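These notes concern the structure reproduced below.
Derivation of every value follows stated rules applied to the coordinates shown; laboratory data play no part. What you see is a predicted model, and the numbers here were worked out from it, not measured in a lab. Virtual Cβ from ideal backbone geometry, glycine too; neighbours counted across all protein chains shown.
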Amino acid sequence: MVVCTNVKVFIFYELQPSIHLDNLISSMVEGVRNATHQLPFMAGNFQVDDSSKLCIITPPGSHIEVNIRRTESMEHKSFPASAKNSFSPNDLDLTQLLPEEQTAENPVCALQLSLVEHGMILGFRINHAAGDWSSIDTFLSLICQSSKAHHEGLKMPTYTPDLNRAPYNAPATDPAISRQDLLERLPTFYIMEKSQFKPKPSPPSQSNIYKISEPSVQQLKAHCAPYLSEIDYVTSYDCIFVLIWTSITRVRLHLHPEKATSLSRFVHPIDVRTRDPENKTSERYFGNAVIGSQADPLTAQALVSDGDRDFTDMDMFMNTWYSGSAEKYDIGAASLPVAFRTHSSMAGACMVILPNFSRGATRFFEVLVHLAVEEHRQVVKCREFSHSVQQAKDFAICWCDWTWLWADWFLQSPRIYDQILNPSCISTTNPKMRESYDA
């Protein structure tokens with residue numbers, strides 16, 4: 001049996017009254033067909049081969065079935081009603097917005113179009129073993145651009161993926177050296193099989209969305225400027241993750257003051273496609289090409305600590321999907337992509353900067369924050385947070401002016417600040433990464 005994490009994403013489209021739904025659905029089906037033609041393995045199933053390696057089997061004629069679901073008004077909120085809560089992930093009934101999981105066949109991905117009053121939701125599920133965010137963005141944008149081309153009678157877009165994984169593989173081990181030999185050379189460490197890892201149950205959690213405006217981020221950058229030495233500037237990503245990490249840590253210390261001396265780890269993945277000065281990798285590589293990065297020093301004791309250490313305590317995982325955009329997911333046909341949402345499958349706290357769907361003169365960053373329920377309750381009550389946050393009804397949509405909070409954090413924690421801005425720890429020194437955040 002293949003057991004891997006599924007990534008679930010949802011794109012919300014506002015449909016104009018004049019739209020012809022049958023034509024829209026037909027174009028979407030053709031868009032999926034063209035995208036699958038360019039990336040046929042997306043229609044395959046996961047299997048374990050004779051050498052116990054995970055592989056994708058795609059028989060001839062395989063295709064992705066587009067599940068169509070027309071919901072009644074009593075089954076799902078109308079599009080305007082969902083918009084009032086900014087399409088909160090807590091309002092999404094995933095059993096309705098995605099096809100039923102087929103665990104026996106282990107498909108690479110699944111897709112569903114849910115038609116609701118005045119809108120449509122594209123639900124997409126992909127096995128994480130097949131790809132990372134760059135791969136998801138590539139496939140979804142290819143579907144949408146193909147759908148738009150079909151609707152407008154234009155030539156279908158093409159895409160040639162790079163499937164060469166060699167640059168991402170770990171160095172080959174010497175077959176003459178056994179696992180036992182390695183353990184004898186490094187007696188401090190031990191090897192733990194995946195099947196033995198059982199993380200501790202995490203507390204009840206929920207996901208909220210926060211919006212941070214570009215002017216607020218620019219104010220934070222201005223306050224950082226006098227302290228920069230080895231790098232030219234900090235990115236919007238730097239500012240946002242420090243804000244979230246700091247606020248959540250303060251709440252956690254309020255709830256658990258006995259953990260004041262505990263380590264708080266910030267972990268984020270780096271896309272190797274954008275971190276390759278020798279050009280050994282390809283930006284068109286389709287698959288997983290990320291490495292984990294920690295932005296804090298690690299003590300010797302922590303380095304050799306128990307591998308079962310859970311990720312639900314003082315740590316924070318953060319990622320960015322900001323490279324996605326409304327333009328990439330435009331399907332034409334008098335429909336407008338207005339929101340991109342995801343369902344967090346992390347056992348602990350995590351933050352994701354969602355794709356750029358900003359409209360108008362002022363750019364906003366939408367940030368999904370997944371936390372324990374009690375931490376969410378406290379973070380909106382704390383003085384630092386409430387001083388600059390406006391909450392939309394019972395769903396946290398926040399326009400933040402964090403200037404004084406940032407300065408306060410900086411003065412208290414200069415050592416951590418230096419670590420966060422260390423080019424070896426954070427991917428802000430790469431021009432490709434900077435272009436994504438700083439116009």
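For the reader, a short list of remarks on this structure follows.
- Cα gyration tensor category, rounded, prolate or oblate, for region 121-162 with a/c compared to 1.5: oblate
- Ordering of 319-325, 216-222, 366-372 by burial proxy (mean other Cβ atoms within 10 Å per residue, highest first): 366-372, 319-325, 216-222
- The protection proxy used here, the mean number of other Cβ atoms lying within 10 Å of each residue, ranks peptides 40-53, 116-129, 84-97 as follows, highest first: 116-129, 84-97, 40-53.
- The residues neighbouring residue 285, those whose beta-carbon lies less than 12 Å from its own, together hold a net charge of -1 under the Lys/Arg +1, Asp/Glu -1 convention.
- Among the chymotrypsin sites (Phe, Trp or Tyr not before Pro) in region 229-296, those placed in a DSSP loop whose Cβ has at most 16 other Cβ atoms within 10 Å are 233.
- Listed residue pairs exceeding 23 Å between alpha carbons, taken from 53/328; 8/280; 211/381: 53/328; 8/280
- Proximal charge balance of residue 169 [Cβ under 13 Å; K/R count +1, D/E count -1]: +3
- Filtered trypsin sites (Lys or Arg not before Pro), region 316-374: DSSP coil and at most 13 other beta carbons within 10 Å: 359
- Cα shape, region 29-74, gyration tensor, a/c 1.5 rule: oblate
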